[in-house]
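Novice: Got a structure for you, written out below as structure tokens; questions coming shortly.
What follows draws every value from the coordinates through simple rules; no lab data is involved. Small disclaimer: the values here were computed from a predicted structure and weren't measured. All Cβ positions, even for glycine, are placed from backbone atoms using ideal geometry, and neighbour counts span all protein chains on display.
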């Protein structure tokens, strides 16, 4: 437990963080072995959670007719989204592939029970939103572990939550946090597709760092 | 980019995921070198974000008088929280150390600008909460990279967000998502303190897995 991380181990951690991608275009239909999927879900379940409440649950969606219904939701929401752009921005938007719902062997819906009694409310009195945040930490663990298994993950947020809830029989008190497409890939792209296609650029990290107060905006770590 | 992760690299990724801890009791005051902190912030900045909006910002809080004011906030909120428990649960609660605000060389407040024009709204029409979720992915990246640098992180949620906002001069449209204590540690504990002190137990991951629909509850991956 206490042995320090070797340089090689540390490099592997930074590698997975920097080479993780939101995958949409390069998925392969290859099945994911159950043992591999379980390792990924166990990595998700090792996330931090407020009060150790473990508010997350995982719906593994393999059924193609269910996924086809979810893809229809995406198409509807994406059409409405596309119509909010015009001109060159609309042309770029239309060129983007934003989901791999049916290109992958499985999808994963990660849900949160924000009112679970697990954890006895510890840490949730002043910031109840930390139940949701814990669930997102589980998603990021899953995503990174997947990359280390050479499996791609793409997060689809262009879905109406009430419609998604209806298709997946998710009860009212459970919140669908993330809908992920999960599969092996032909390649991991060197940079985010939204960057290479000119939708948005990465900003320098130094421009996001403040000292002691938000209003400081010094732009360096000292 | 496309070379598969070696077994050793993959093991390192799982190691960091499983050995990451929410640290409160074992912090050391040792300074964190600027270059190391920048690597951690760059890891956070490599998180996925909806539409590549990069909604996160980082306030590095070293000033002890500011941190002392934040610790006072914690003490106030923690007292109110403690009073919601009674009997044995209260005794366990009182035995927990839930922050390391002044035990560490620095704290980090990770904020989110949910209305940033960056990303041009892509992916936020149906699920605007993904701006916040992106910021939490950055927090988890920071936490894992820190563990690989043998640096501990503890997330303090027992703070009133309006009071925190006032102390750190955070404007109304910016959301403080996470307040982290960051420092080297004397040891990383083998299991979460909330588990070893009997506050809560981890549940088996299989009990959290559903097949195709939430209502299925089959409890296995097939």
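Novice: Quick check on my filter: what residues within the range A:51-72 are assigned to a helix (DSSP H, G or I) and at the interface with another protein chain (Cβ under 7 Å from one of its Cβ atoms)? Show your work before the answer.
Specialist: Pass one, the range A:51-72, residues assigned to a helix (DSSP H, G or I): A:51-52, A:64-72.
Answer for the range A:51-72, where residues must be assigned to a helix (DSSP H, G or I) and at the interface with another protein chain (Cβ under 7 Å from one of its Cβ atoms): A:51, A:52, A:66.
Novice: Just one of (1) surrounded by 24 or more Cβ atoms within 10 Å (Cβ to Cβ); (2) facing chain B (nearest Cβ under 9 Å); (3) in a helix (DSSP H, G or I) trips up residue A:177, so point out which.
Specialist: The one condition residue A:177 does not meet is (3).
Novice: So how many residues does the range A:1-17 have that are surrounded by fewer than 13 Cβ atoms within 10 Å (Cβ to Cβ) and at the interface with another protein chain (Cβ under 7 Å from one of its Cβ atoms)?
Specialist: Residues in the range A:1-17 being surrounded by fewer than 13 Cβ atoms within 10 Å (Cβ to Cβ) and at the interface with another protein chain (Cβ under 7 Å from one of its Cβ atoms): 4 in total.
Novice: Checking the conditions here, which among B:122, B:132 is touching a residue at least 40 places away in the same chain (Cβ under 8 Å) and closer than 20 Å to residue B:43 by Cβ?
Specialist: Values: B:122 fails: closer than 20 Å to residue B:43 by Cβ.
None of the other options fit; the residue is B:132.
Novice: Here's another thing I want to ask about it. When residue A:38 is evaluated against the numbered criteria (1) more than 7 Å from every other protein chain (Cβ to nearest Cβ); (2) over 16 Å from the mean Cα position of the chain (by Cα), which criterion, by number, is the only one it fails?
Specialist: (1)
Novice: Hey, among A:40, A:73, which residue is in contact with a helix residue (DSSP H, G or I) (Cβ under 8 Å, 6 or more places away or on another chain) and closer than 18 Å to residue A:158 by Cβ? It would help to see each step written out before you state the result.
Specialist: On the way: A:40 fails: closer than 18 Å to residue A:158 by Cβ.
The conditions single out A:73.
Novice: Just the residues that are touching a helix residue (DSSP H, G or I) at 6+ places or on another chain (Cβ under 8 Å), facing chain A (nearest Cβ under 10 Å) and touching a residue at least 40 places away in the same chain (Cβ under 8 Å), please, taken from the range B:18-35. Walk me through it before giving the result.
Specialist: Here is the first cut: in the range B:18-35, the residues touching a helix residue (DSSP H, G or I) at 6+ places or on another chain (Cβ under 8 Å) are B:18-22, B:24-25.
Applying the additional criterion that residues be facing chain A (nearest Cβ under 10 Å) yields B:18-22.
Result: B:19, B:20, B:21, B:22.
Novice: Does residue B:12 qualify as being under 18 Å from the mean Cα position of the chain (by Cα), assigned to a helix (DSSP H, G or I) and under 16 Å from residue B:144 (Cβ atoms)? If you could, list the steps in order and put the result at the bottom.
Specialist: Numbers: under 18 Å from the mean Cα position of the chain (by Cα): no; assigned to a helix (DSSP H, G or I): yes; under 16 Å from residue B:144 (Cβ atoms): yes.
Against the criterion (under 18 Å from the mean Cα position of the chain (by Cα), assigned to a helix (DSSP H, G or I) and under 16 Å from residue B:144 (Cβ atoms)), residue B:12 does not qualify.
Novice: In the range B:183-198, how many are at the interface with chain A (Cβ under 7 Å from one of its Cβ atoms) and out of contact with any helix residue (DSSP H, G or I) (no Cβ under 9 Å at 6 or more places or on another chain)?
Specialist: 1
Novice: When the range A:99-112 is examined, which residues are found to be surrounded by fewer than 19 Cβ atoms within 10 Å (Cβ to Cβ) and closer than 22 Å to residue A:165 by Cβ?
Specialist: Within the range A:99-112, A:102, A:106 qualify.
Novice: With respect to the numbered conditions (1) more than 7 Å from every other protein chain (Cβ to nearest Cβ); (2) closer than 29 Å to residue A:36 by Cα; (3) not in a helix (DSSP H, G or I), which one is the sole condition not fulfilled by residue B:48?
Specialist: (1)
Novice: From the list B:49, B:68, exactly one residue is under 18 Å from the mean Cα position of the chain (by Cα) and either closer than 30 Å to residue A:143 by Cβ or in contact (Cβ under 8 Å) with a residue 12 or more places away in the chain (or both). Which is it?
Specialist: Details: B:68 fails: under 18 Å from the mean Cα position of the chain (by Cα).
Answer to the selection: B:49.
Here is a yes/no grid of residues against (1) touching a residue at least 60 places away in the same chain (Cβ under 8 Å); (2) more than 9 Å from chain A (Cβ to nearest Cβ); (3) out of contact with any helix residue (DSSP H, G or I) (no Cβ under 7 Å at 6 or more places or on another chain); (4) surrounded by fewer than 24 Cβ atoms within 10 Å (Cβ to Cβ):
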site: B:140; (1), (2), (3), (4): yes, no, no, no
site: B:145; (1), (2), (3), (4): yes, no, no, no
site: B:150; (1), (2), (3), (4): no, no, yes, yes
site: B:156; (1), (2), (3), (4): yes, no, no, no
site: B:160; (1), (2), (3), (4): yes, no, no, yes
site: B:167; (1), (2), (3), (4): yes, no, no, yes
site: B:170; (1), (2), (3), (4): yes, no, no, yes
site: B:173; (1), (2), (3), (4): yes, yes, yes, yes
site: B:181; (1), (2), (3), (4): yes, yes, yes, no
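Novice: Within the range B:112-153, how many residues turn out to be under 19 Å from residue A:11 (Cα atoms) and assigned to a loop (DSSP other than H, G, I, E, B)?
Specialist: Residues in the range B:112-153 being under 19 Å from residue A:11 (Cα atoms) and assigned to a loop (DSSP other than H, G, I, E, B): 2 in total.
Novice: Specify the residue that is nearest to the chain's Cα centre (by Cα); the eligible residues are those in the range B:81-94 that are loosely packed, with under 13 Cβ neighbours inside 10 Å and in a helix (DSSP H, G or I). Before you say what the answer is, go through the steps one by one.
Specialist: First pass over the range B:81-94, keeping only residues loosely packed, with under 13 Cβ neighbours inside 10 Å: B:83, B:86-88, B:91, B:94.
Among the residues that remain, those that are also in a helix (DSSP H, G or I) are: B:87-88, B:91, B:94.
Values: B:87: 30, B:88: 28, B:91: 26, B:94: 22 Å.
Step by step, filter the range B:81-94, then rank; the result is B:94.
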